[in-house]
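The values are calculated or read from the model by the stated rules, or taken from the named source; none is laboratory data. Since the structure is predicted, the reported quantities are computational estimates derived from the model, not experimental observations. With ideal geometry, Cβ positions are generated from the backbone for all residues, glycine too; neighbour counts draw on all protein chains shown. Side chains are part of the model used for accessible areas, which takes the heavy atoms of the whole protein and leaves out ligands, DNA and RNA. Shrake-Rupley method; radii C 1.70, N 1.55, O 1.52, S 1.80 Å.
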Amino acid sequence: VQLQASGGGLVQAGGSLRLSCAASGRSFGSYAMGWFRQAPGKERDFLSAISPRSGVITQYAESVKGRFTISRDNAKNTAYLQMNSLKPEDTAVYYCAAKDGFGDMRRAYEYDYWGQGTLVTVSS
């Protein structure tokens, strides 16, 4: 599976962005999808994840709960992260990832495939 993240950019505080993660390869619907971010000098942090197929299970980090929404469209082989009420501290490179099989969707080491990252910059 190859992943291509897009949708990053420069936005003012309080604004919104929608990130997309387009997948190529076999059976996108069978993968759990996750979003992580990494700010300069910091570790890669979990943001959100969605279970395979119908995506009935979603998980969020406390820092983004209520502001970010994850979704997936299996017909388009794409996962999304809608980000609202953005803050300067949300500035980071955002990565999408795909996970096959069971395991904790919040753990980066559980993921098998990663996109290249897209930069989000939130100005104050």
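Sub-7 Å Cβ pairs linking a first residue in segment 1-17 that is farther than 21 Å from residue 33 by Cβ to a second residue that is not hydrophobic (A, V, I, L, M, F, W, C), at least 6 apart or interchain, are 10/121; 10/123; 12/123; 13/87; 13/88; 13/123; 13/124; 14/85, ordered by first then second residue. When we screen 48, 54, 71 for residues that are open to solvent by 20 Å² or more (accessible area, probe 1.4 Å), at pLDDT 95 or above and not in a helix (DSSP H, G or I), the only hit is 71.
Being hydroxyl-bearing (Ser, Thr, Tyr) and open to solvent by less than 60 Å² (accessible area, probe 1.4 Å) is the filter; apply it to segment 86-124 and report the residue that is nearest to residue 1 (Cα to Cα). Among them, the one singled out is 111. Suppose the filter is in contact (Cβ under 8 Å) with a residue 40 or more places away in the chain and either open to solvent by less than 20 Å² (accessible area, probe 1.4 Å) or within 18 Å of residue 107 (Cβ to Cβ) (or both); does residue 59 pass it? Yes, satisfied.
Taking (1) over 15 Å from residue 29 (Cα atoms); (2) over 12 Å from the mean Cα position of the chain (by Cα); (3) in contact (Cβ under 8 Å) with a residue 60 or more places away in the chain; (4) open to solvent by less than 40 Å² (accessible area, probe 1.4 Å) in turn, residue 83 satisfies each apart from (2). The numbered conditions (1) open to solvent by 50 Å² or more (accessible area, probe 1.4 Å); (2) β-branched (Val, Ile, Thr); (3) under 22 Å from residue 119 (Cβ atoms); (4) not in a strand (DSSP E or B) are all true for residue 64 except (1).
Among the residues making up segment 1-45, those that are among the small types (Gly, Ala, Ser), out of contact with any Ser or Thr (no Cβ under 6 Å at 6 or more places or on another chain) and closer than 12 Å to residue 91 by Cα are 9, 39. Looking at segment 36-44, can you tell me whether even one residue there is among the acidic types (Asp, Glu), part of a strand (DSSP E or B) and within 21 Å of residue 62 (Cβ to Cβ)? Within segment 36-44, not a single residue is among the acidic types (Asp, Glu), part of a strand (DSSP E or B) and within 21 Å of residue 62 (Cβ to Cβ).
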